[in-house]
1. How many angstrom lie between the C-alpha centres of segment B:217-277 and segment A:11-49?
2. Across the residues of B:236-243, average count of Cβ atoms on other protein chains within 10 Å?
3. Which distance in Å, rounded to a whole number, links the C-alpha centroids of segment A:245-305 and segment B:173-209?
4. So if R0 is 35 Å, what FRET efficiency would B:N337 and B:E115 give, r being the distance between their Cβ atoms, rounded to the nearest 0.05?
5. Compute all pairwise cysteine Cβ distances in chain A, then list the cysteines with no distance under 4.7 Å to another cysteine.
6. Would you list B:T140, B:T16, B:T130 from fewest to most Cβ contacts within 10 Å?
7. Go through B:K151/B:K190; A:K250/A:K335; B:K151/B:K259; A:K245/A:K325; B:K176/B:K303 and tell me which ones have a Cα-Cα distance over 19 Å in this structure.
8. Distance between the C-alpha centers of segment A:323-355 and segment B:303-334? Whole Å please.
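All of the numbers you see were taken from the coordinates with simple rules; none came from a lab. What you see is a predicted model, and the numbers here were worked out from it, not measured in a lab. Methodologically, a virtual Cβ is constructed for each residue, glycine included, from the backbone with ideal geometry; neighbour enumeration extends over all protein chains shown.
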Amino acid sequence: MNTEAKKQIWSSYQKEIADNNYYYARSCIRQNFFPASEVTFLRILREELNKNIFDDPNHTTCTGIGYHSDIVPFDTIQTVVARHFALMTEAGLENVAISCVTSFGMYTEILDLWHHFPEQLEKIREYLYKATKREFNIPKNIAHTSDIIYKFRNEIAEKAKHKLINVQTGEPLNVVEHIGCHYAKMFPTKGVGGAEFPQVLSGMIESWGGNVVDYPERRHCCGFGFRNYLVQANRGYSVSNTKKKLESMKPYKPDFIVANCPGCAMFMDKWQYTLAEMEGVTYDEFGYGIPVLTYEEMAGLVLGYNPWDLGLQMHQVQCEPLLDKLGIKYDPKAKYLDKNGNQMPLPEKPSCLKV
Amino acid sequence: MIDVLIIGGGIAGIETACSLQDLGYETVIVEKERTIGGHLNNWDTLFPTHRPASEVLEYYTEETRKRALTIYLNTYVTSIIKLDDGTFEVNTSRDVIFHSKTVVIASGYSLFNAERKEEYGYKIYDNVLTSADLEKKLKTLNGEFKTPTDKVPEKIAFIHCVGSRDEKSGNHYCSKLCCVTAVKQAIHMKQICPQADIFCCYMDLRMYGPGFEEMYREAQEKYHIQFIRGRLSEVGENADGTLQLKVEDTLAARPSKIKVDMLVLMVGMESPQSTALFKETCGLQCAPNRFIQPNDHHIGSNKTNIDGLFTAGTSIGPMSIFDTINHAKASAITIKNYLSRN
């Protein structure tokens, strides 16, 4: 396999990403699934990259999950997003940094709709004004937060405390990357490389010393698929899709998976537990499963942040074997301490996956 | 002042020169490669008879020798300029400037660069070949056929319409010949690898020429080649070097996955870069598919928008060898009429 040819083609698909001064659009589900990822993103931008980013307490959910579940009407979500743009305008900002790929997809879809149907934009302006007396400007630049980390990947590499290299063997770690469909497939030109040439995560991995795994089901769905999970009767379909991906990547012995979508990271992580319980299978050599990280967590490890500050203890597949490969020191006793140093309740151990 | 300058020493250029020489005109051929014959040099056998391509090549080599045609090899044209007196000045890479009463563009076609379809894995995965690569491999075959990773293939797939009828590639047109070439190559592979299962993934099978449909039927009935109507979405490589194809079977209305040892991409035909150069230097009119626009599709397919500038063969669009030869003969007659009038 000549991966250089692939890298070359992928690198020719780029997008414009604002350089500074972002309005931060947080994610509702990320704050639950990976509670430290967003705070890590803010830390990297502010402390490592000296960027200006406004984390607005008035920002709310975009209601995207409700919209994709047929609960929230389209006019409603447009008005909610319009309110976010109004908050950005009031903050004197023009660039939005969006944490969740579903929000990213929603913002992009709504802006595209308004572009093609200006009367709809006027209607939403009126709705928002009637509801809140707020007005808004259309953002100049829409970036997913993975776009921003990707843009500054070389600056992060310069500050790296750890490379994505196995310290025991000196070999690059094998990393599976997975791009969210709402990031790449709805409006392919709005993400870095769309669904076909998505350099956004592979660019980070390569800049930080890792080896990107190219495996047959690389572009296959993570298994979330909203309805496949949200409708309980469909969940077998969700699990089977994740299983297909995991089986396909297993022969390449990935050291970890990184995703830029909350759903992808969540399901590729949690379904490993489910599959282990159902079938007694794990997808690594030693029975621990394959750790799944967010790109902020990966960046945080590279920058030498404390793994427990990154929230890695909240994942289903435990990260200690990966930390050992990276040569990262950690205090096992501090794993389940809260921020005040108090012991939190310990999670139950799965019957099959090793922890 | 020569009568006819012919750009391209492939089958079209040679046939045009031979026909014009027989009619008493002085011709000069300019060929960019170091040998005549064009793409035919790389082909093993020809459809629909499986005749060795070398036979046709030898025929034209002999015809060239008999007529002692003047050919400038390793020479490419840098510009065509029409002068006020209606004649042409043709500049070349060799500091040779030709003055000619007429010019024939017989510069042929380029093969679609399959690397542009990254999802098909050409030049990424070892066992992905193009139809042209396979012909070269067959032409030089000595002993048992093996895949690029040195395995006797048990499963082979052919993918039709690579870079043809494909909006994403910017090629909306049909390359016409890939369907029948795939059938020919599939039969050939079955003949030399009888143990192999062979699949052809197609959009439509455009068996337009004499003997083509019969060959397609033979491929199914005698050689048991499996034709799947559907597009390939992407190729992945398994850890053992085999390839995983994701194909939509549009007749069964479901996606399917096929594991193969070797994949052959049926690359289409594109207008060569030289046509764009001629367009720029002499105002030659091109069609939306970037091939040369014939002055009249029905009754003047050898003429261009420029008086005295003619075409022969695939410079106006995809053509088989026999269509190319006929088009070249027609070009000679059209030029004779033009020179007689002027």
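1. 41
2. Numbers: counts 8, 4, 5, 8, 1, 1, 1, 1.
Across the residues of B:236-243, the mean count of other-chain Cβ atoms within 10 Å is 4.
3. 42
4. According to the calculation, E is roughly 0.20.
5. Cysteines of chain A left without a disulfide-compatible partner: A:C28, A:C62, A:C100, A:C181, A:C221, A:C319, A:C352.
6. B:T140, B:T130, B:T16
7. Details: B:K151/B:K190 15 Å; A:K250/A:K335 28 Å; B:K151/B:K259 14 Å; A:K245/A:K325 24 Å; B:K176/B:K303 22 Å.
Over 19 Å apart, Cα to Cα: A:K250/A:K335; A:K245/A:K325; B:K176/B:K303.
8. 76
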